[in-house]
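Report on the following structure.
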Amino acid sequence: MRSVFHDRHDRLAYLTARAVARRLREDPSLVAEGRAWLERFVAPDPHQAKALLAWRRVLDLPAEAIADLLEMDSTEAQWLRETRPVFCIFSPAEMVALIKAASIRPPPPPRSPSP
């Protein structure tokens with residue numbers, strides 16, 4: 001699990017991707033929703049060719065593997081999170097909870113005692 005974020009937006013994107021990953025594990029049929037969204041909204045745009053090709057390969061994987069990729073702490077996984085298709089829609093209450101969770105700052109590390 002990732003623990004260092006550039007900013008609140010980066011943390012929100014990661015938390016949202018984790019929520020999507022949970023839903024994919026619960027309902028693997030959501031992969032078809034992501035594929036349909038990709039073909040409808042990404043395929044027609046030639047500027048998104050790289051993302052289209054990458055996500056077409058990813059969507060051929062089992063839902064569990066896709067979920068694992070979304071949660072990985074790597075440059076590739078971050079790019080996939082930034083370009084991911086829409087697999088599901090979150091309710092307003094779910095989005096508020098994600099935004100609140102992204103706003104919580106981890107406590108600072110303990111300070112060493114002064115001599």
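Okay, here's what the table says:
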{"item": "Förster radius 22 Å - calculated FRET efficiency between Trp37 and Ala93, Cβ distance, rounded to 0.05", "result": "0.45"}
{"item": "Two-site FRET efficiency, Glu76 against Asp27, from Cβ-Cβ distance with R₀ of 22 Å, rounded to 0.05", "result": "0.35"}
{"item": "Equivalent ellipsoid semi-axes, the range 31-102, via Cα gyration tensor eigenvalues times 5, rooted, Å", "result": "22, 15, 13"}
{"item": "Lys/Arg +1, Asp/Glu -1 at C-beta; the range 31-102 dipole; positive extreme among Ala101, Leu52, Leu70", "result": "Leu52"}
{"item": "Additional length obtainable on full extension of the chain from His9 to Ala101, 0.36 nm per residue less Cα span", "result": "32.0 nm"}
{"item": "The range 72-88 - phi-based ³J(HN,Hα) in whole Hz, Karplus 6.51/-1.76/1.60, Gly and Pro as x", "result": "5, 9, 8, 4, 4, 5, 5, 4, 4, 4, 5, 10, 5, x, 7, 9, 7"}
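Values in this text are rule-based calculations from the coordinates and carry no lab data. Quantities reported herein were computed from a predicted structural model and do not represent experimental measurements. When we count neighbours, we look across all protein chains shown, and the Cβ atoms used for this are built from the backbone with ideal geometry, even at glycine.
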